[in-house]
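Have a look at the structure below before the remarks.
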Amino acid sequence: VQLQASGGGLVQAGGSLRLSCSVSGIMFSIHTLSWYRQAPGMQRELVAVITSDHSTNYADSVKGRFTISRDNARRTVYLRMKSLKPEDTAVYYCSVIRQGVAYWGQGTQVTVSS
């Protein structure tokens, strides 16, 4: 199983970014996919989840600002982030659980300047 995240970068507060994560090695369409983030000195936290039937759930801190989506044909999960805040600065990871094992992408850095 491999996950490849991309799309991070440096953005000013109030700006937007879209993260992408391409996934291989699994039957993509049947799996729940997640985005996590980890800020310096902090624990990794769940940001957003999307199930196989496209149901979504978000951390309270990003509700109304972030949107998770998936394209099964492209085997890709996205995280659209808008109205970014400096506290959104973190390394963002995509993740999938397959047969009880969690797999992670390499992470993509998002830095929001004030």
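With unit charges on the beta carbon (Lys/Arg positive, Asp/Glu negative), name the residue among Gly105, Gln38, Asn72 whose Cα is farthest towards the positive pole of the charge dipole of the chain. So the residue we want is Asn72. Listed values for region 90-107 are Karplus-derived 3J(HN,Hα) couplings in whole Hz (6.51 cos²θ - 1.76 cosθ + 1.60, θ = phi - 60°), namely 4, 8, 9, 10, 9, 8, 9, 10, 10, 6, x, 10, 8, 10, 10, x, 7, x, and x replaces Gly and Pro.
For region 74-91, the residues whose amide N sits under 19 Å from a probe point set 7 Å from the Cα of Leu46 along the beta carbon direction are 77-80, 91. Close amide-amide hydrogen proximity is noted between Ser61 and no other residue 5 or more places distant or on a separate chain, at a cut-off under 5 Å (H modeled in the peptide plane; Pro and chain starts excluded). Judged by the mean number of other Cβ atoms found within 10 Å, the most tightly packed of the peptides 30-40, 60-70 leads the ranking 30-40, 60-70.
Summarise the accessible area of region 1-58 (1.4 Å probe, protein heavy atoms) by the percent that is carbon and sulfur. The value for region 1-58 is 48 percent carbon and sulfur by accessible area. Rounded to the nearest 20 debye, the dipole magnitude of the chain is 200 debye, with +1 charges on Lys and Arg beta carbons, -1 on Asp and Glu beta carbons, and the Cα centre as origin. DSSP finds beta bridges in the chain, and of those with both partners inside it, around 90 percent are antiparallel. Rolling a 1.4 Å probe over the protein heavy atoms gives the chain an accessible area of 53 Å² per residue. Scanning residues 5 or more positions from Arg98 or on other chains, those with amide H under 5 Å from its amide H are Tyr103, with H placed 1.01 Å from N in the peptide plane. Each label point was placed 7 Å from the Cα along the Cα-to-Cβ direction; for Ser6 and Asp71 their separation is 1.2 nm. For the chain, the direction-averaged projected area of the alpha-carbon convex hull comes to 6.6 nm². The H on the amide N of Lys85, modeled in the peptide plane, is under 5 Å from the matching H of Gly14, each at least 5 residues off or on a different chain.
The values are calculated or read from the model by the stated rules, or taken from the named source; none is laboratory data. Just so it is clear, the model here is predicted, and its values are computed rather than measured. Every residue, glycine among them, receives a Cβ derived from its backbone with ideal geometry; neighbour counts consider all protein chains shown. Heads up: the accessible areas ignore ligands, DNA and RNA and are worked out on the full protein's heavy atoms, side chains in. Shrake-Rupley method; radii C 1.70, N 1.55, O 1.52, S 1.80 Å.
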